[in-house]
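Asks: What follows is a structure written as structure tokens; I'll ask about it next.
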């Protein structure tokens, strides 16, 4: 059974405060959502799973493969974990055009892909996301929706074994958000890989939360917070 | 003046060129290190490395003599082991110019690296790049305009280096006498025509470099 088994501990210290992240959960659903207010530790959790943040202690397992185990001394680097990651502000490379952004990870070595790079997988995703027209444009010339589609194409072009989504709609204005949710929903039906999303928006939870996890103050809690309980009675809590 | 001006100019450009090349490598390495590694005493290291900017060049020259002079610990060792003597050589002038100009590239490079959005580097890692590839494909292209501006300032500063160079390398026409030192010698000797000519050449060279720095600094899409 494909799925995440997470049990991690991390203390983050900044100048003013110290934050304890102690997250433990398992999920085997196709679409899981970690829901919580900002500052709850959602991004830290997602980054730890992706290998962008090293926990102080614990284990991260995906699909029975140990990605991180402090005691066994295992820490698979982010580049080898095989996840697709959608960043909150999309983190597109500003000096590269849409085509180069999508091809970025397919080209090895110390040079970036050329402006006219032609690879089958890149052309496929340009087509699938209706990006051919703007393939030569740079990120600062794109609309919010186009940026998100470019970032998704860049994540999917590798055929990742799971997709990690960091607040995928928060950078969009409300009208677009509604439509993009439906688009992403449809896309996720087509690609058959597990999806783990973090969000503070109850709507996202209702759309994508086959399995819902509630994160508060660095811990997964059993009960949904009150505003969520009202709109998402169909969701079950899994811890 | 016996030495043709072009020899002095060539020597000056050679010294400044070497100092710039060395500073490019050192400045990028140390700037990245100070921007990315948190350690106790980081700001102290930064302050010490910035000293050449504020200390009188003669004081820097004196420090250099203490280190690479015949009786300096490094100079003595080089002399004994390899027969190398840096004092009164053009290589000595390169060392003086390199150290005096280093803070300019260090400041620019550190600021440039600190302004690179860490999300972009993370995105590159998730996309399968190793740390070297992240550095050359994301970090350097983003930080390059700032680094380049610093490097050009280094070149301009090295062209005009006087005090430390004079103390370490002296003023041997054709061997260690750079433009700025030749200007000094010409004025001392009352050779006004030579001085005017040298001053004009130095000024023009520096203006060209500064204009280039100004043009390149805000450049977008270098890559």
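The values are calculated or read from the model by the stated rules, or taken from the named source; none is laboratory data. Values in this document were obtained by computation on a predicted structure and should not be read as measured data. Don't worry about glycine lacking a Cβ; one is built from the backbone with ideal geometry, like all the others, and counts go over all protein chains shown.
Asks: Determine which member of the set A:172, A:215, A:184, A:165 is under 21 Å from residue A:150 (Cβ atoms) and over 15 Å from the mean Cα position of the chain (by Cα).
Replies: A:172
Asks: Residue A:53 fails exactly one of the following numbered conditions: (1) closer than 22 Å to residue A:11 by Cα; (2) without any contact (Cβ under 8 Å) to a residue 40 or more places away in the chain; (3) facing another protein chain (nearest Cβ under 10 Å). What is the number of that condition?
Replies: In the conditions (1) closer than 22 Å to residue A:11 by Cα; (2) without any contact (Cβ under 8 Å) to a residue 40 or more places away in the chain; (3) facing another protein chain (nearest Cβ under 10 Å), residue A:53 misses (2) alone.
Asks: Sticking with this structure for a sec: Whether any residue in segment A:107-124 is part of a helix (DSSP H, G or I), within 14 Å of chain B (Cβ to nearest Cβ) and over 21 Å from residue A:30 (Cα atoms) is what I want to check.
Replies: Yes, segment A:107-124 has at least one match.
Asks: Moving to a separate point now. The conditions are (1) within 21 Å of residue A:158 (Cα to Cα); (2) part of a strand (DSSP E or B), and residue A:90 fails exactly one of them. Which is it?
Replies: Condition not satisfied by residue A:90: (2).
So that you can scan it fast, the table gives a plain yes or no per residue for (1) crowded, with 23+ Cβ neighbours inside 10 Å; (2) in contact with a helix residue (DSSP H, G or I) (Cβ under 8 Å, 6 or more places away or on another chain); (3) in contact (Cβ under 8 Å) with a residue 24 or more places away in the chain:
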{"position": "B:126", "(1), (2), (3)": "yes, yes, no"}
{"position": "B:144", "(1), (2), (3)": "no, yes, yes"}
{"position": "B:172", "(1), (2), (3)": "no, no, yes"}
{"position": "B:175", "(1), (2), (3)": "no, yes, yes"}
{"position": "B:186", "(1), (2), (3)": "no, yes, yes"}
{"position": "B:191", "(1), (2), (3)": "no, no, yes"}
{"position": "B:196", "(1), (2), (3)": "no, no, no"}
{"position": "B:203", "(1), (2), (3)": "no, no, no"}
{"position": "B:208", "(1), (2), (3)": "no, no, no"}
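Per-residue answers, yes or no, for (1) within 14 Å of chain A (Cβ to nearest Cβ); (2) surrounded by fewer than 17 Cβ atoms within 10 Å (Cβ to Cβ); (3) under 23 Å from residue A:77 (Cα atoms):
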position	(1), (2), (3)
B:51	no, yes, no
B:55	no, yes, no
B:63	no, no, no
B:71	no, yes, no
B:80	no, yes, no
B:97	no, no, no
B:104	no, no, no
B:138	yes, no, yes
B:147	no, no, no
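Asks: Within segment B:184-207, identify whether any single residue is at pLDDT 90 or above and under 22 Å from residue B:64 (Cα atoms), and answer yes or no.
Replies: yes
Asks: Condition (residue is modelled with pLDDT under 95, touching a strand residue (DSSP E or B) at 6+ places or on another chain (Cβ under 7 Å) and in a helix (DSSP H, G or I)) applied to segment A:188-204: is it met by at least one residue?
Replies: So far as segment A:188-204 goes, yes, one or more of its residues are modelled with pLDDT under 95, touching a strand residue (DSSP E or B) at 6+ places or on another chain (Cβ under 7 Å) and in a helix (DSSP H, G or I).
Asks: Separate question: Does residue A:49 count as under 20 Å from residue A:216 (Cβ atoms) and modelled with pLDDT of 95 or more?
Replies: Yes, satisfied.
Asks: Restricting to segment A:22-74, and then to whatever is more than 23 Å from residue A:202 (Cβ to Cβ) and touching a helix residue (DSSP H, G or I) at 6+ places or on another chain (Cβ under 7 Å), can you tell me which residue is surrounded by the fewest Cβ atoms within 10 Å (Cβ to Cβ)?
Replies: Result: A:53.
Asks: Something else: Of the conditions (1) touching a helix residue (DSSP H, G or I) at 6+ places or on another chain (Cβ under 7 Å); (2) in contact (Cβ under 8 Å) with a residue 24 or more places away in the chain, residue A:82 satisfies every one except a single condition; which number is it?
Replies: Unmet condition: (1).
Asks: Among the candidates B:136, B:197, which residue alone is under 30 Å from residue A:162 (Cβ atoms) and in a helix (DSSP H, G or I)?
Replies: Exactly one residue qualifies, and that residue is B:136.
Asks: Same structure again: Looking at A:129, A:104, which is the one that is away from every other protein chain (no Cβ under 14 Å) and at negative phi?
Replies: A:129
Asks: Then there's this: What's the number of the only condition in (1) surrounded by 15 or more Cβ atoms within 10 Å (Cβ to Cβ); (2) over 16 Å from the mean Cα position of the chain (by Cα) that residue B:132 fails to meet?
Replies: Among (1) surrounded by 15 or more Cβ atoms within 10 Å (Cβ to Cβ); (2) over 16 Å from the mean Cα position of the chain (by Cα), the lone unmet condition for residue B:132 is (1).
Asks: Output the residues belonging to segment A:144-154 that are at pLDDT 90 or above and either farther than 21 Å from residue A:205 by Cβ or part of a loop (DSSP other than H, G, I, E, B) (or both).
Replies: A:146, A:147, A:149, A:150, A:151, A:153, A:154
Asks: Exactly one condition in (1) within 13 Å of chain B (Cβ to nearest Cβ); (2) surrounded by 14 or more Cβ atoms within 10 Å (Cβ to Cβ); (3) out of contact with any helix residue (DSSP H, G or I) (no Cβ under 8 Å at 6 or more places or on another chain); (4) at pLDDT 90 or above is false for residue A:140; which is it?
Replies: Checking residue A:140 against (1) within 13 Å of chain B (Cβ to nearest Cβ); (2) surrounded by 14 or more Cβ atoms within 10 Å (Cβ to Cβ); (3) out of contact with any helix residue (DSSP H, G or I) (no Cβ under 8 Å at 6 or more places or on another chain); (4) at pLDDT 90 or above, the one that fails is (2).
Asks: Which one of these is within 14 Å of chain A (Cβ to nearest Cβ) and part of a helix (DSSP H, G or I): B:93, B:123?
Replies: Just one listed residue meets the conditions, B:123.
Asks: If the requirement is being part of a loop (DSSP other than H, G, I, E, B) and within 17 Å of the chain's Cα centre (by Cα), which of these qualifies: A:38, A:43, A:32?
Replies: A:38
Asks: For segment A:211-239, name all the residues that are assigned to a loop (DSSP other than H, G, I, E, B) and either at pLDDT 90 or above or farther than 26 Å from residue A:89 by Cβ (or both).
Replies: A:222, A:223, A:224, A:232, A:233, A:234, A:235, A:236, A:238, A:239
Asks: In addition: Criterion first (touching a residue at least 60 places away in the same chain (Cβ under 8 Å), away from chain A (no Cβ under 14 Å) and surrounded by 24 or more Cβ atoms within 10 Å (Cβ to Cβ)) does residue B:163 satisfy it?
Replies: Answer is no for this residue.
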